[in-house]
1. Which whole-number value in Å² is the accessible area per residue of the range 123-166, probe 1.4 Å?
2. Roughly how many nanometres apart are two label points built 7 Å out from the Cα toward the Cβ at residue 147 and residue 221?
3. Mind listing P(r) for the range 157-216? All alpha-carbon pairs, 5 Å bins, whole percents.
4. Pop out the carbon and sulfur fraction of the accessible area of the range 150-235 as a percent, whole number, probe 1.4 Å.
5. So what J values fall out for the range 176-191 if you push phi through Karplus, 6.51 cos²θ - 1.76 cosθ + 1.60 with θ = phi - 60°, rounded to Hz, Gly and Pro as x?
6. Take 147, 179, 216 and sort them by solvent-accessible surface of the protein heavy atoms, 1.4 Å probe, largest at the top.
7. Mind listing the long-range amide H neighbours of residue 172? Cut-off is under 5 Å, sequence gap 5 or more, other chains count too, H placed in the peptide plane at 1.01 Å from N.
8. Given H placed on each backbone N at 1.01 Å, which residues far from residue 229 in sequence or on other chains put an amide H within less than 5 Å of it?
Amino acid sequence: MRRFPLGPVALALTVALVSSVLALQGCSGGQADGGGGGRDGRSTAEETETLPPETREEGEAQVATPTAGATALIRTSKGDVEVEFYPEDAPETVKSFLKLAEDGFYDGIRFHRVEPGFVVQGGDPLTKGLSAAEVRAVIERQRTRTMRPQDPALGTGGPGFNVRAEFNSRKHVTGTLAMARSESPDSAGSQFYICLGPQPFLDGNYTVFGQVTSGMDVVESIEIGDSIGTIDVRE
């Protein structure tokens with residue numbers, strides 16, 4: 001199952017097919033094409049392969065609800081990005097993200113999807129242990145449908161559990177931090193995206209749980225294969 005935001009054309013097609021708006025795909029797990037393959041250059045739900053359902057009952061993160069004002073510093077190979085969170089709007093999502101960050105889950109993960117003017121996406125543990133060049137090569141083979149048997153299915157990785165959707169009234173603006181998912185609203189895991197510009201067609205369909213407060217220039221410079229060093233949580 002791919003985990004990343006769908007483009008406007010793909011989203012409209014998905015609504016017609018399923019009679020409800022499906023989630024932004026590419027951020028939590030599921031097969032991604034690294035931003036290609038859809039009719040508008042973005043992956044479509046029609047091309048998504050569904051993985052066996054996961055549950056959050058086993059291994060659920062046990063962490064206190066973060067207070068308003070919680071922030072984190074995402075240290076990337078391109079520089080630092082500071083974000084603030086919205087625990088009042090997405091408490092379970094924020095708890096899960098902070099728990100994964102504190103456990104070092106994101107350390108060494110590479111960004112596998114970058115679409116100029118749309119989103120930067122990361123959080124797939126399948127990118128760990130791969131070089132930047134290897135990630136780019138696999139994503140290109142996904143895009144051109146020339147996958148090799150040994151290629152990891154980048155874009156499908158997650159933490160082994162899902163987080164229930166917490167759709168809210170927060171808008172998708174430049175710097176919005178939100179969770180990717182597959183067709184199921186409750187399929188978010190570890191993959192997240194940051195908006196490179198306003199994306200109002202995503203509003204209400206994906207869980208917005210934070211906002212970049214500093215380092216947007218770093219986000220805009222990120223390329224496929226760039227990595228996360230650590231995510232330092234500050235409360």
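The values are calculated or read from the model by the stated rules, or taken from the named source; none is laboratory data. Everything numeric in this text was worked out from a predicted model, so none of it was measured. We place every Cβ from the backbone using ideal geometry, glycine too, and count neighbours over all the protein chains shown. Heads up: the accessible areas ignore ligands, DNA and RNA and are worked out on the full protein's heavy atoms, side chains in. Shrake-Rupley method; radii C 1.70, N 1.55, O 1.52, S 1.80 Å.
1. Each residue of the range 123-166 exposes 50 Å² on average to a 1.4 Å probe.
2. About 3.4 nm separates the two model spin labels.
3. All Cα pairs, binned at 5 Å, distribute as 4, 20, 30, 24, 14, 7, 0 percent.
4. Using a 1.4 Å probe with all protein chains present, the range 150-235 comes out at 48 percent carbon and sulfur.
5. 4, 10, 8, 9, 7, 7, 9, 4, 6, x, 9, 10, 5, x, 10, 6
6. Result of the area sort, largest leading: 147, 216, 179.
7. HN-HN under 5 Å from residue 172: 199, 203.
8. 75, 76, 77, 108
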